Amino acid sequence: MVRIHAAVSDVGALDGLASQDSPIHRLDPRAKIAVTAMFLAAVVSFPKYEIAEMMPLFLYPAVLSAVGQVPAKTLLRYLLLASPFALLVGVFNPLLDREVVVHWGSWAVTGGWLSFFSILIRFVLTVSAALLLLACTGYVSVCAALNRFGAPRLLTMQFLMLYRFIFILSDEASRMVRAHGLRSGSGRKPTLRVWGSLAGHLLLRAYDRGLRVHAAMLARGFDGTLHPPRAFRWRWADSLFVAGCALFLALVRFGHVAERLGAWVLRVSG
Amino acid sequence: MSHHIVEVRGLEYVYPDGTPALRGVSFRIEHGESVGIVGANGAGKSTLLLQLNGCLLAKKGTVRIGDFPVTRETLPRIRRSVGTVFQDPNDQLFMPTVEEDVAFGPRNMRLPPDDVEQRVRRSLEAVNAVHLRPRPPYRLSGGEKRSAAIATALSMSPDILVMDEPTSGLDPQARRKLMDLLGRFTHTKIIASHDLDMILRLCPRTIILHQGSVIVDGPTASVLADRELLARSGLDLPLSLQVCPVCGKTAGMPPRNDG
């Protein structure tokens, strides 16, 4: 539980990054959301055995994290945190798909291994793009921009509240588990019955807490509308950013950049 | 300046589960007054405060803030003039940073960005918390959270400040600082608390609630010195009026800070 708690408080580090100032931070949140969506679409649209052609896409997170002053170490930490999910999705591929697809020298590579690595690469690309969006925009602005794109207000409010409650719930949960630990003898894990009761209490406490936070929001004039910290203003830099990224993504997706680059390198060196 | 007046008449409230919380509460608080609301646990203090900003609406009786009764229609106006500081600052601070939290109210009032910025700065200055501005609320200490929570209420430029247990959970130094701060505010103040010494110092007038009814409403100096009355309400003399176990003397009335 301590580890979960530490991981959750880590999530807060993104907020700190979002309050920085950089050319990426100054872009309109809508531009960044649009580009992130295009990026995700490009990544998932590659065929399942594709690896090499996706490589140039790493340029996007690399440039964004450099210009947006998001330390690679922070990104890596979050990626590691989420990696079990991706591993779980792909881990059976090598067992199920044993057909040899390519030969790398004397090494016969099966389709399963290729698709497994392909999933991992997609995971790194998509998750880092989403993290960079948050780290360079801020959670409230992302939610407000989603609203502007026509996402239901109820949904974006839930995103916002979810984000706030992660911290409060993890606090509450760690206090309950500690209280249990102190009265249950050393190292004994809670039984299923106790877990049920703990979870039930957590739900009820969360509900009460939700009512109180709602009251506090109403007391400060909340009427269901989100107001982002920076007013949305679309400038030419935003259009340029979207157009540039769209061009890059189209080039990588349809222009066989990796293949041509490889052929060119071979020609030059050979 | 009639908009600073709080008038409660025959207020009754029963919780949805049937628990009666308020039974015929009436009082009138004038402009600039500081009033302490005290009572044992479950006396109805918090419920009463939630009625003052319309988070709960009266089932019977009326609550008037200035010229307006608290009804569903007047809520936006009421909430602009009544600033509420809740008992647990964790309930009040829900945005990613202190700055955004303090700006939450002014932004809901649809003020232009410059005005929002000015209000954020002034409110944080008022509670000596400018340095907390970029910090996430969940990383603050108890005292810092309390200051930030008060700033979130101040940023709405309220006429009336309603506070629920503002000194609970604070260390002695933080408590003293908070009392000094509250003493400087010129707002109409309504403070519910078990901290009778704080009430003694900040509020010239005290209302005692007992089982949902007002059993006394009078000058703090006499109300909080009446041991028998306090005992009947589940309370005890403020520490400063109790006999010192070491020297056998009482500290006596503290210098009052009326703001």
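The values are calculated or read from the model by the stated rules, or taken from the named source; none is laboratory data. Predicted, not measured: the structure shown is a model, and the values here were computed from it. Cβ sites come from the backbone with ideal geometry, for glycine too, and all protein chains shown count toward neighbours.
Out of (1) modelled with pLDDT of 90 or more; (2) over 22 Å from A:Phe46 (Cα atoms); (3) away from chain B (no Cβ under 14 Å), what's the single condition that is false for A:Ser184?
(1)
Within segment B:136-165, track down each residue that is out of contact with any Asp or Glu (no Cβ under 8 Å at 6 or more places or on another chain), at pLDDT 85 or above and not hydrophobic (A, V, I, L, M, F, W, C).
Listed by number, the residues that qualify are B:Ser141, B:Glu144, B:Lys145, B:Arg146, B:Ser147, B:Ser155, B:Ser157, B:Pro158, B:Asp159, B:Asp164.
Would you be able to say whether some residue in segment B:35-57 is surrounded by fewer than 24 Cβ atoms within 10 Å (Cβ to Cβ), more than 14 Å from every other protein chain (Cβ to nearest Cβ) and in contact with a Phe, Trp or Tyr (Cβ under 7 Å, 6 or more places away or on another chain)?
No, every residue in segment B:35-57 fails to be surrounded by fewer than 24 Cβ atoms within 10 Å (Cβ to Cβ), more than 14 Å from every other protein chain (Cβ to nearest Cβ) and in contact with a Phe, Trp or Tyr (Cβ under 7 Å, 6 or more places away or on another chain).
Being without any contact (Cβ under 8 Å) to a residue 60 or more places away in the chain and either polar (S, T, N, Q) or closer than 14 Å to A:Val127 by Cα (or both) is the filter here; which residues of segment A:79-96 pass it?
A:Leu79, A:Leu80, A:Ala82, A:Ser83, A:Pro84, A:Phe85, A:Ala86, A:Leu87, A:Asn93
Is it fair to say B:Arg119 is buried (at least 18 other Cβ atoms within 10 Å of the Cβ) and more than 9 Å from chain A (Cβ to nearest Cβ)?
Yes: the conditions hold for B:Arg119.
Of the conditions (1) farther than 18 Å from A:Asp223 by Cβ; (2) within 9 Å of another protein chain (Cβ to nearest Cβ); (3) surrounded by fewer than 18 Cβ atoms within 10 Å (Cβ to Cβ), B:Leu93 satisfies every one except a single condition; which number is it?
Result: B:Leu93 passes all but (3).
I need the helices (runs of 4 or more DSSP H) fully contained in segment A:15-99, keeping only those with at least 2 residues that are basic (Lys, Arg).
A:29-44, A:72-90
State which residue is farthest from A:Val257 (Cα to Cα) when the search covers only segment A:16-60 and only residues that are among the charged types (D, E, K, R) and at pLDDT below 90.
A:Asp21
Hey, could you check segment B:237-253 for residues that are free of Cβ contacts under 8 Å to residues at least 40 places away in the same chain and surrounded by 12 or more Cβ atoms within 10 Å (Cβ to Cβ) and say which is nearest to B:Ile37 (Cα to Cα)?
Here the residue is B:Gln242.
Taking the conditions exactly as written (within 23 Å of A:Asp21 (Cα to Cα), within 14 Å of chain A (Cβ to nearest Cβ) and in contact (Cβ under 8 Å) with a residue 24 or more places away in the chain), does B:Phe104 satisfy them or not?
Against the criterion (within 23 Å of A:Asp21 (Cα to Cα), within 14 Å of chain A (Cβ to nearest Cβ) and in contact (Cβ under 8 Å) with a residue 24 or more places away in the chain), B:Phe104 qualifies.
Residues being surrounded by 19 or more Cβ atoms within 10 Å (Cβ to Cβ) and farther than 11 Å from A:Pro29 by Cβ: count how many of those fall in segment A:127-158.
7
Pull up segment A:132-171, narrow it to residues that are polar (S, T, N, Q) and farther than 16 Å from B:Asp91 by Cα, then point me to the one that is nearest to the other protein chains (Cβ to nearest Cβ).
Once the filter is applied, the top-ranked residue is A:Ser141.
Can you name the helices (runs of 4 or more DSSP H) wholly within segment B:190-251 that have at least 2 residues being under 18 Å from the mean Cα position of the chain (by Cα)?
Filter on segment B:190-251 gives B:196-202.
Say whether the condition of being more than 11 Å from chain B (Cβ to nearest Cβ) and of a type in the set (S, T, N, Q) is met by at least one residue in segment A:226-240.
Yes: one or more hits.
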